[in-house]
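In what follows, a single structure is set out as structure tokens and then discussed.
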Amino acid sequence: MDRLAKCGANYVPLTPLTFLKRAANVYSNRKSIIHGRVSFTWQQTYERCCRLASSLKSLNIVKNNVVSVLAPNIPAMYEMHFAVPMAGAVLNTINTRLDARNIATILNHSEAKVFFVDYQYVPLARDALRLLMASNIITSMPLVVVIDDIANPTGIRLGKLEYEHLVARGDPGYVPDEITDEWDPTALNYTSGTTSEPKGVVYSHRGAYLSTLSLILGWGMKTEPVYLWSLPMFHCNGWTFTWGVAARGGTNVCIRDTTAAEIYGNIASHKVTHMCCAPIVFNILLEADRRPLTTPVEILTGGAPPPAALLEKIESLGFHVVHAYGLTEATGPALVCEWQKKWDHLAREAQSRLKARQGISILTLADVDVKDPRTMESVTRDGKTMGEIVLRGSSIMKGYLKDANATSKAFHEKGWFMTGDVGVVHPDGYIEIKDRSKDVIISGGENISSVEVEAILYRHPAVVEAAVVAMPHPKWGESPCAFVTLRKTPAAVKEAEIIQHCRKNLPGFMVPKKVQFVKELPKTSTGKIQKFQLRALAKTFDDVVSSENHGKEPSVSQTNWEMPTRDYHQDHQEQIFALSRL
Ligand SMILES: Nc1ncnc2c1ncn2[C@@H]1O[C@H](COP(=O)(O)OP(=O)(O)OP(=O)(O)O)[C@@H](O)[C@H]1O
């Protein structure tokens, strides 16, 4: 048997590009994309991708060149997920919430050859290109192509080239070069920089293909879904659903802005069946004027811990939520909280608590574990013993672009990708994240999971968002400090009331010693709460033991958020040290 050889018929490199061709063959007349008044079929999408790929070739794009794009969830952004690798190039989607300096850094670091810019982002792109030119570090500037509004062209340009012109002048019969090595790069995504400088994460065709399949299976996405693009495609290629919707012959409903009106309006007009979003979008959906859902909508959520209380509220509107956990380095979701039938009969609160856990590995992963990072021994499966969440398998990135040092730190010599997240394993094998290692609060030798304290804060009816960080404490070393945004309620909520609510639900050492009301929490470009900013602020509090000042009314303050200077805290080694104290 071992002499049977691999050949072209039985061993074909894995690539998500095959999903598009299949969709064009099988679902040719089915709607592939809807964007306002514009729509395409899968046959048209395939042809447009062929045309764009051939035009990229005519612009001298060669294998492994980087093509960057700064655009919201518009049809062009979707098409580039296929067209760019069909030209042999690597797609680099840039977060539209970054500033010009960050965009310039990415263009320079990735050595982008072509830079596609949505017309609304031309001023931002222009600033980034000016910075690049002024920096004297760049050897060649990328060629800029503006993506004009497809329905109502504005004529806005930055140079001569325009997206639809490239599509029009391309060859619809273009045949892409075969992918000969599935390990070749297909996408480059920069991390969002919640805890450290953004790094360029490289995905292979193989990793992208397998992650896509795993997520379709993990989420149970059947054929012909109607998928609403509420999650930015620039975030881990839309958690692989850019490729996944093609694989299922689905319809992509593209929206420029993630507002409640756009979401509810498109759900109603196109009978949306699926959408992905970070838990913060739940607040947008809950706070808005709601339109009743006529059919249930499946939501895959992740990127931050969804508090059980929030899951209960969003599901009561008719959404059905599946919870996933992941990282840019894992091609998006790596764990999915797979639902088990035996949980169906449980009360809603108990169900939400189970669902708030991060779950079990997607099928592509060979293994996931929670380990003591010093010994690399697995922790006891008791739901209590904390360690670092580690992953291995084909969804894990190739490595960080031009950063051998960071790559070798991320990959443990024993064959594990170190996530930097602290978690526990429950007796049923489900993993629950307790914190990022940098966010664990160590108070008088006890480890406090900020996520657990936040989950209780979210159960207070007046709380909209909560973040808990370490604050220096004269006696305990560190103590929890909560930053909270409040619902607009007639009765003013006092700090003492929130602390009392925590006292009722948490052991004493976990109760925040201070609660600071803020108008909004500082967030990254991907909507994650920037705890390093809050920690910097917490360090400045002089009334640190407000709740311990018996008899004295604690101060209630409103902070107008001002970004303090960035503080990059500990590096990875220090995180590991912090973990070793768990
Ligand atoms: N379901 C989830 N529950 C809790 N945390 C989550 C969940 N999904 C993702 N996360 C957090 O998000 C992190 C991954 O975020 P991402 O890859 O966007 O980059 P980042 O961590 O924000 O940026 P950087 O690595 O530069 O700090 C995970 O390591 C984890 O801490």
- Nearby aspartates and glutamates by direct alpha-carbon distance to LYS160 (threshold 18 angstrom, same-chain neighbours under 8 apart not counted): ASP118, ASP127, ASP148, ASP149
- Item | segment 382-481, relative contact order [Cα under 8 Å, separation at least 6], % | 22
- Ordered by residue, what ³J(HN,Hα) values in Hz, to whole numbers, does segment 317-329 give under the Karplus form 6.51 cos²θ - 1.76 cosθ + 1.60, where θ = phi - 60° and Gly and Pro are x? 7, x, 7, 10, 9, 10, 9, 10, 10, x, 8, 3, 5
- Query: Gain in length, LEU293 to TRP183, computed as 0.36 nm per residue apart minus the alpha-carbon separation, to one decimal in nm?
  - Reply: 35.3 nm
- Per residue, accessible area of segment 180-245 with a 1.4 Å probe, heavy atoms of protein chains only, in Å², comes to 27
- Go ahead and estimate [θ] at 222 nm for the chain from helices alone: -39,500 (n - 2.57) per DSSP H run with n ≥ 4, summed, over the residue count, rounded to 500. -9000 deg cm²/dmol
- Under 16 Å from the Cα of LYS371, which aspartates and glutamates turn up, not counting those fewer than eight places away in the same chain? ASP382, GLU388, GLU413, ASP421, GLU432, ASP435
- Task: Using R₀ = 45 Å, calculate the FRET efficiency as 1/(1 + (r/R₀)^6) where r is the Cβ-Cβ separation of SER408 and LYS539; round to 0.05.
- Result: 0.90
- Task: Can you tell me the FRET efficiency between ARG130 and HIS345 if r is taken as the Cβ-Cβ distance and R0 is 45 Å, rounded to the nearest 0.05?
- Result: 0.15
- Hey, can you rank 356-367, 159-170 by average C-beta count inside 10 Å, highest first? 356-367, 159-170
- In segment 201-360, lysine pairs with alpha-carbon atoms under 20 angstrom apart (chain gap of 8 or more, or interchain): 5
- Query: Beyond 19 Å, what share of the Cα-Cα pairs of segment 64-221 remains, rounded to the nearest whole percent?
  - Reply: 58
- Query: Once you have the alpha carbon radius of gyration of the chain, what is it after dividing by 2.2 N^0.38 Å, with N set to its residue count?
  - Reply: 0.98
- Keeping the other protein chains in place, figure out the carbon and sulfur percent of the accessible area of segment 304-453, with a 1.4 Å probe. 49
- Report the relative contact order of the chain, percent, no decimals, based on alpha-carbon pairs under 8 angstrom and at least 6 residues apart. 11
- Counting only the backbone N, which residues of segment 8-41 are under 11 Å from the spot 7 Å out from the Cα of VAL175 toward its beta-carbon? none
- Long-range lysine pairs (8 or more apart or interchain), segment 1-150, Cα under 29 Å: 9
- Carbon plus sulfur fraction of accessible area for segment 76-186, probe 1.4 Å, in percent: 53
- Query: So how much slack lies between VAL38 and THR223, counting 0.36 nm per residue of separation and subtracting their Cα-Cα distance, in nm?
  - Reply: 64.3 nm
- Query: How much FRET efficiency would the formula 1/(1 + (r/R0)^6) give for ASN64 and ASP372, where r is the Cβ-Cβ distance and R0 is 45 Å, rounded to 0.05?
  - Reply: 0.70
- Subtract the Cα-Cα distance of THR489 and ASN505 from 0.36 nm times their separation in residues, and report this length gain in nm to one decimal. 3.5 nm
- Query: Which of PHE517, PRO305, GLY249 sits closest to the plus end of the dipole of the chain, meaning its Cα is farthest towards the positive end, when Lys and Arg get +1 and Asp and Glu get -1 on the C-beta?
  - Reply: GLY249
- Query: At what distance in nm do the modelled label points of GLU262 and ALA168 sit from each other, each positioned 7 Å from its Cα along Cα→Cβ?
  - Reply: 2.6
- Hey, which aspartates and glutamates would be in cross-link range of LYS488, C-alpha to C-alpha under 20 Å, not counting anything within fewer than 8 residues on its own chain? GLU287, ASP289, GLU454, GLU465, GLU497, GLU520
- Listed highest first by mean packing, meaning other Cβ atoms within 10 Å per residue, what order do 512-522, 96-106 come in? 512-522, 96-106
- Per residue solvent-accessible surface (Å²) - segment 258-331, probe of 1.4 Å: 37
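The values are calculated or read from the model by the stated rules, or taken from the named source; none is laboratory data. Every value quoted in this text rests on a predicted model; they were computed, and no experiment measured them. Don't worry about glycine lacking a Cβ; one is built from the backbone with ideal geometry, like all the others, and counts go over all protein chains shown. Only protein heavy atoms, including side chains, enter the accessible area calculation; ligands, DNA and RNA are left aside. Shrake-Rupley method; radii C 1.70, N 1.55, O 1.52, S 1.80 Å.
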